[in-house]
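To keep things clear, I will list the structure first and then write my remarks on it.
The values are calculated or read from the model by the stated rules, or taken from the named source; none is laboratory data. Keep in mind that what you see is a predicted model, and the values were worked out from it rather than measured. As a convention, Cβ positions derive from the backbone with ideal geometry for all residues, glycine included, and neighbour counts pool all protein chains shown.
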Amino acid sequence: MAELLYLKEAEQVVTVAGASDKPKVGEDLSEIGVIERGSVIVEGEKIAFAGTDADARHYLQKRSGKVKTIEATGKILTPGLVDPHTHLVFAGSREQELTMRLKGKSYMSILQAGGGILSTTKSTRAATADQLAHESRLRLDRFLKHGVTTVEAKSGYGLATDAELKQLRVAQQLNNEHPVDVVSTFMGAHAIPPEWKQDPDGFVQLVAEEMIPQVAAENLAEFCDVFCEEGVFTVAQSQYILEEGKKHGLKPKIHADELVSFGGAELAAKVGAVSADHLLKASPTGIEQMAEAGVIAVLLPGTAFFLMTEPANARAMIEAGVPVALSTDRNPGSSPTESLPFIMNLACLTMKMTPEEVLAASTINAAHAIGRAKDIGSIEAGKNADLVLFDAPNYQTLQYNYAVNRVDTVMKAGKIVVEGGVLLEKTDNQRCSLATEDRGTRPIWQK
Ligand SMILES: [Zn+2]
């Protein structure tokens, strides 16, 4: 019999329980199931009990075997945070673009000059799978230190069949070997690569007819995503790709209405997308249709912050009954951070979401956005023991003491992986000559 782990008497246990079937919407988004002086008991990889400490002691009396106690006094316990939108696997770095943007260049004009996504594509195509795995592992380590125990990861820096497959295979490898679970999305339609600039429809055909069948045949992704945006992929091209993805069992997601109001939210409702992400310029009609179709809005306030633009209208979406989730959008150009807790701060401070709403949006609703709500996203008996102990007296402090990492302990599937804010096992001891991002070398496209 497995040893029981007794997380004893936290100031608060934020369970976010009761929404494993459907994401939280409207006023229910604020119901996060706080248990004062709560305890959680873990057996093996699963949560066995969550409730008051008095009930926990009764529970333990009925059980035999060893019990290991972790004192949680003075701290709060939440579900492991879930990040439903990242571009985790890439090579190279783009910190020079910040200076360019500060001097007035737009994100789109940098992309059109061969920078942006296309610069990352060059470095990612040039990198070996080992180099990609190494760089991505460092990012997963940082996610873990910020309390994130599951991430979604998109391809989309290959933009050619082999390079897309390489990215997805690395994501799958990381899912197998790193404590953080990685849920894969195929996003071959992330940008039009230079060699297809004169024939964008030809590239769309390549994505739909060559890449999607191979991704599905190798079982490399669960979702298919498209950058539906003016100057990138049209609504018609996006719909075609997402419908082809569906035929191969890939569930649709959309990068929608980020820079202009483009009909992305409407398309998400039409194709039955699991989520529409960004949505800074989503139309009121699009928001209404998303609510009716149950499309989750994955909001990325860090991207708006980093690109110095207005964030999405979270309040309008919550009031319309759209389920809202939050994410870092971790990527090398428009949101280079693994701090989901800081994104939660931004959701409060820039989108006026309440501390309760951001917790539900970063746990159970985020789990719904990647099809994992049956197993993760809340503290309930039977779910995976993915848990975070924050060194804070109450959950409001996580948003009040902004931009400070208060993660103390992280448990992944019943195993402690972060203690006292420190990663217990180094996941990568490899020295890698192409670990550019942490060393600040010049991007390949500027050489
Ligand atoms: Zn994205």
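Data for the structure
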item: In segment 134-167, residue farthest from T86 (Cα to Cα) [restricted to those that are without any contact (Cβ under 8 Å) to a residue 60 or more places away in the chain and among the aliphatic types (A, V, I, L, M)]; result: A160
item: Subset of segment 350-376 that is small (G, A, S) and over 19 Å from I318 (Cα atoms) - its residue that is surrounded by the most Cβ atoms within 10 Å (Cβ to Cβ); result: A373
item: Test for G104: is it modelled with pLDDT of 90 or more and exposed (fewer than 14 other Cβ atoms within 10 Å of the Cβ); result: yes
item: Among the residues listed as E266, E229, E209, E218, the single one being charged (D, E, K, R) and over 28 Å from D162 (Cβ atoms); result: E266
item: Looking only at segment 328-369, and only at residues there that are of a type in the set (S, T, Y), modelled with pLDDT of 95 or more and within 16 Å of the ligand (Cβ to nearest atom), the one that is farthest from K122 (Cα to Cα); result: T328
item: Checking F233 against (1) within 23 Å of S327 (Cβ to Cβ); (2) modelled with pLDDT under 95, the condition it does not meet; result: (2)
item: Complete set of residues in segment 65-96 that are of a type in the set (S, T, N, Q), modelled with pLDDT of 95 or more and more than 16 Å from the ligand (Cβ to nearest atom); result: T69, T73, T78
item: Evaluation of A269 against (1) surrounded by 24 or more Cβ atoms within 10 Å (Cβ to Cβ); (2) of a type outside the set (S, T, Y); (3) within 20 Å of L326 (Cα to Cα) (one fails), failing number; result: (1)
item: Selection count where residues are in a loop (DSSP other than H, G, I, E, B), under 17 Å from F223 (Cβ atoms) and either among the aliphatic types (A, V, I, L, M) or without any contact (Cβ under 8 Å) to a residue 60 or more places away in the chain (or both), scope segment 329-379; result: 4
item: Pick from segment 24-43, criterion in contact (Cβ under 8 Å) with a residue 60 or more places away in the chain and either in contact with a Leu (Cβ under 9 Å, 6 or more places away or on another chain) or more than 22 Å from V388 (Cα to Cα) (or both), ranking: surrounded by the most Cβ atoms within 10 Å (Cβ to Cβ); result: V40
item: Residue in segment 79-87 that is of a type outside the set (V, I, T) and either surrounded by fewer than 21 Cβ atoms within 10 Å (Cβ to Cβ) or farther than 29 Å from I287 by Cβ (or both) present; result: yes
item: Subset tally (residues that are within 13 Å of the chain's Cα centre (by Cα), closer than 28 Å to R101 by Cβ and assigned to a loop (DSSP other than H, G, I, E, B)) for segment 118-166; result: 1
item: Residue in segment 402-426 that is surrounded by the fewest Cβ atoms within 10 Å (Cβ to Cβ), counting only those that are touching a helix residue (DSSP H, G or I) at 6+ places or on another chain (Cβ under 9 Å) and assigned to a loop (DSSP other than H, G, I, E, B); result: K426
item: Some residue of segment 307-327 being more than 21 Å from A269 (Cα to Cα), surrounded by fewer than 22 Cβ atoms within 10 Å (Cβ to Cβ), within 13 Å of the ligand (Cβ to nearest atom) and at pLDDT 95 or above; result: no
item: Meets criteria (within 16 Å of the ligand (Cβ to nearest atom), of a type in the set (A, V, I, L, M, F, W, C) and modelled with pLDDT of 95 or more) for F49; result: no
